[in-house]
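The values are calculated or read from the model by the stated rules, or taken from the named source; none is laboratory data. None of the values given here were measured: they were computed from a predicted structure. Backbone-built Cβ (ideal geometry, glycine too); neighbour counts: all protein chains shown.
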Amino acid sequence: MLTCHVMELGEPDASGRRSPVDTGKVAEVAADTVITAVGEKVDTALYTANGLEVDKRGKAVVNGETMESSVKNVFVIGDGQKGPGTVVEAIADATKAARTIQDFDVDTYVEKNVNDDYQAPLAKRGDVCTDCKNCDEIRCLGCATVCETCTEVCPNRANVAVAVPGMRMRQIIHVDGMCNECGNCGTFCPYDSRPYKDKFTLFWSEEDFANSENEGFLKLEGAKTRVRLAGEVKEYDVSDAGCGLYDPLRRLICAVYDSYTYLLP
Ligand code: SF4
Ligand code: SF4
């Protein structure tokens with residue numbers, strides 16, 4: 001049971017702002033797990049008591065690349081380092097620290113763990129078991145084989161995994177018109193890629209195409225398609241296998257035209 005103090009807005013202060021004041025009443029909320037996420041303040045006293053260097057604002061001084069503090073092997077991340085922030089920022093810090101702590105090399109990890117059976121890990125995605133007590137299944141999602149993280153962390157669904165006939169793995173395309181460049185996908189990509197800049201991009205208008213430097217494509221009449229690749233802009237009839245466009249890209253574009261028409265303007 002969580003016991004809460006009931007608050008109400010008090011009188012305006014000198015700046016006109018009304019702060020919450022305790023009414024003296026309490027309310028109880030049934031709960032079996034409580035996760036506090038209320039924007040904690042940085043606990044400077046804890047750091048100084050343990051010999052960590054702090055800056056003028058009382059925040060632990062860290063190496064921005066590794067998040068290691070002035071005390072060797074002590075790492076400070078997220079709200080504990082910067083003050084109240086977002087979950088994404090905390091995870092980004094944690095990734096840096098974890099890589100340093102474990103000397104984690106993503107490429108080696110993938111090499112060791114990649115699964116020839118692409119469909120098996122793909123089928124597990126979105127199927128999350130919550131019956132942990134009675135479950136002895138290995139719940140590894142096989143992310144060394146299927147990543148697609150950028151499709152899941154985008155709040156706007158602007159990265160899409162496209163199944164291309166004849167290709168073993170789904171291919172990621174970026175949809176320019178749905179992206180507000182929040183950078184989330186870049187933060188979470190385990191390969192330090194920026195999918196919203198680096199992934200082959202579907203454009204919705206000539207103007208959007210012209211205003212971007214992303215490699216990508218714009219649908220014109222029928223199968224006629226404007227493509228920017230390696231800095232060059234050319235037009236192709238992608239229904240023609242001999243049109244001269246790099247064939248895997250031509251097939252990717254055709255797959256979008258054939259099976260993902262909802263992505264088109
Ligand atoms: S940068 Fe664009 S594609 Fe990436 S997560 Fe944000 S909105 Fe989505
Ligand atoms: S771009 Fe990055 S996040 Fe997206 S699928 Fe590739 S490795 Fe994963």
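Surrounded by 10 or more Cβ atoms within 10 Å (Cβ to Cβ) and either of a type in the set (Ser, Thr, Tyr) or touching a helix residue (DSSP H, G or I) at 6+ places or on another chain (Cβ under 8 Å) (or both) - does that describe any residue in segment 25-38?
No, the conditions are met nowhere in segment 25-38.
Going by the structure shown, is VAL160 in contact with a Lys or Arg (Cβ under 6 Å, 6 or more places away or on another chain), in contact (Cβ under 8 Å) with a residue 12 or more places away in the chain and either within 26 Å of VAL88 (Cα to Cα) or not in a helix (DSSP H, G or I) (or both)?
no
For THR145, indicate whether it is within 14 Å of ligand 2 (Cβ to nearest atom) and assigned to a loop (DSSP other than H, G, I, E, B).
Judged against the criteria, THR145 is a match.
In segment 193-209, how many are part of a loop (DSSP other than H, G, I, E, B) and either within 11 Å of ligand 1 (Cβ to nearest atom) or among the charged types (D, E, K, R) (or both)?
Of the residues in that region, 3 qualify.
Would you point out which residue out of VAL256, VAL160, VAL175 is over 30 Å from LYS96 (Cα atoms) and not hydroxyl-bearing (Ser, Thr, Tyr)?
VAL256
Only one of PRO195, PRO265 is modelled with pLDDT under 95 and either of a type outside the set (Asp, Glu) or touching a Phe, Trp or Tyr at 6+ places or on another chain (Cβ under 7 Å) (or both); which?
PRO265
If you take the residues of segment 168-187 that are within 9 Å of ligand 2 (Cβ to nearest atom) and hydrophobic (A, V, I, L, M, F, W, C), which of them is surrounded by the most Cβ atoms within 10 Å (Cβ to Cβ)?
Only one residue tops the list, namely CYS185.
Of the residues PRO121, PRO165, PRO190, PRO155, only one is over 28 Å from LEU245 (Cβ atoms), in a loop (DSSP other than H, G, I, E, B) and either free of Cβ contacts under 8 Å to residues at least 60 places away in the same chain or more than 13 Å from ligand 2 (Cβ to nearest atom) (or both); which?
That would be PRO155, the only listed residue that is over 28 Å from LEU245 (Cβ atoms), in a loop (DSSP other than H, G, I, E, B) and either free of Cβ contacts under 8 Å to residues at least 60 places away in the same chain or more than 13 Å from ligand 2 (Cβ to nearest atom) (or both).
Inspect segment 219-236 for any residue being within 13 Å of ligand 2 (Cβ to nearest atom), in contact with a helix residue (DSSP H, G or I) (Cβ under 8 Å, 6 or more places away or on another chain) and under 19 Å from TYR262 (Cβ atoms) and give the result as yes or no.
no
Matching residues to (1) surrounded by 14 or more Cβ atoms within 10 Å (Cβ to Cβ); (2) in contact with a helix residue (DSSP H, G or I) (Cβ under 7 Å, 6 or more places away or on another chain):
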{"site": "ASP13", "(1), (2)": "no, no"}
{"site": "GLY51", "(1), (2)": "no, no"}
{"site": "LYS59", "(1), (2)": "yes, yes"}
{"site": "VAL71", "(1), (2)": "yes, no"}
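Could you grab me the full set of residues in segment 154-167 that are within 11 Å of ligand 1 (Cβ to nearest atom) and either farther than 25 Å from ASN211 by Cα or charged (D, E, K, R) (or both)?
Selection gives ARG157 alone.
Within segment 168-182, work out how many residues are near ligand 1 (Cβ under 8 Å from one of its atoms) and part of a loop (DSSP other than H, G, I, E, B).
So the answer is 4.
Only one of (1) outside any strand (DSSP E or B); (2) farther than 16 Å from GLY83 by Cβ is not met by LYS41, so which one is it?
Here LYS41 meets the rest and fails (2).
This table checks each residue for (1) in contact with a strand residue (DSSP E or B) (Cβ under 7 Å, 6 or more places away or on another chain); (2) touching a residue at least 40 places away in the same chain (Cβ under 8 Å); (3) assigned to a loop (DSSP other than H, G, I, E, B).
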{"residue": "ALA45", "(1), (2), (3)": "no, no, no"}
{"residue": "THR48", "(1), (2), (3)": "yes, no, no"}
{"residue": "GLY58", "(1), (2), (3)": "no, no, yes"}
{"residue": "THR66", "(1), (2), (3)": "no, no, yes"}
{"residue": "LYS72", "(1), (2), (3)": "no, no, yes"}
{"residue": "GLN81", "(1), (2), (3)": "yes, no, no"}
{"residue": "VAL88", "(1), (2), (3)": "no, yes, no"}
